[in-house]
Each structure stands twice: as C-alpha cells, then as structure tokens.
Amino acid sequence: MILPPSDSDNPMYKRPVHQAVKDYNIAFQASRIIGEVHCEPAYISWKPPPQGWVKMNSDGSWRCSAYVAKFWGVLEGLKLAKRLGFQAIEVNVDSILVANIINNNKEGSPTGRDLVRKICSLVSMDWEIMVRHSYCEAN
C-alpha cells in the first residue's frame, strides 16, 4: 500500500502489520462477546395502588440537589396526604437510595438528614405507608 505524503506522518500507519492484526483480533473477539449478551426488555408502566390505598408519586424538582429534592417531594406529599385524611399511602420514588433510606429508617447523608427525620416521624404515625422504588417513566 502506498500512502499519500500527508498521511505518512500518521503514527497509525507506522505500526507494524502484526500489531494491527493483533489489535483487530482483540476487537473482533470483544465484539463477539458483547454480541452474545442477552437482554430482556423491562416493561415499565404505572400500576394502580392496592384496593383502599392512594398512590403518591414523587419526582421532586426543587432548586437543590436531586437527592434532597426527592426527600422534599416525599415529605410534602405525606403532609398533604395526612391533611386530606388518607390512611393507606403507597409512595413511589424514582430513587432506590431514597426508598431504602426511608424504609430502613436510616438518616442518609447530612444534607438530607433533617428531612429524613421528619419523613420517618410521619411514617411512624398511625397510618399505613409503603415506600417503593419506581422508575420515573412509571410515575
């Protein structure tokens, strides 16, 4: 192969042929492995709450971190549900971390600790609360 003078300075063209073949074989093997991965589609949709329950979907959009915004959404939603007299609430949040912190009565990071304490205080009142992770596409 004769290269034009402008490409002759390209280091790619100065590699030994055997190195180029070796690189190609590695890339080819990797593409075969990747091609063998089987993916199952996940069907995401909104699901109604159990009979006698109301559902609260929280996707906090405040002017703060997404982490804190999700706690604000849960807190304000629970306060509203309490004022309206609901006794069984299924709370859906699009953060597994937030759901786990609330469900396990953990404090979380210092930036959201006060909010988590307020949420846990509401959750411990005389009503039924389920907090679940839900993809934002299902909210």
Complete set of residues in the range 104-134 that are open to solvent by 80 Å² or more (accessible area, probe 1.4 Å) and over 18 Å from VAL54 (Cα atoms): ASN104, ASN105, LYS106, GLU107, PRO110, THR111, ASP114, ARG117, LYS118
Number of positions in the range 59-79 that are open to solvent by 40 Å² or more (accessible area, probe 1.4 Å) and either under 14 Å from MET125 (Cβ atoms) or among the charged types (D, E, K, R) (or both): 4
Residues located in the range 84-101, provided they are surrounded by fewer than 16 Cβ atoms within 10 Å (Cβ to Cβ) and closer than 18 Å to LEU115 by Cβ: ILE96, LEU97, ASN100
Number of the exception - THR111 against (1) part of a helix (DSSP H, G or I); (2) at pLDDT 90 or above; (3) more than 16 Å from the chain's Cα centre (by Cα): (2)
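The values are calculated or read from the model by the stated rules, or taken from the named source; none is laboratory data. For clarity, every value in this text was computed on a predicted model and none was experimentally measured. Counting neighbours? That spans all protein chains shown, and the Cβs are built from the backbone with ideal geometry, glycine included. The area values use the complete protein model at the heavy-atom level, side chains included, leaving out ligands, DNA and RNA. Shrake-Rupley method; radii C 1.70, N 1.55, O 1.52, S 1.80 Å.
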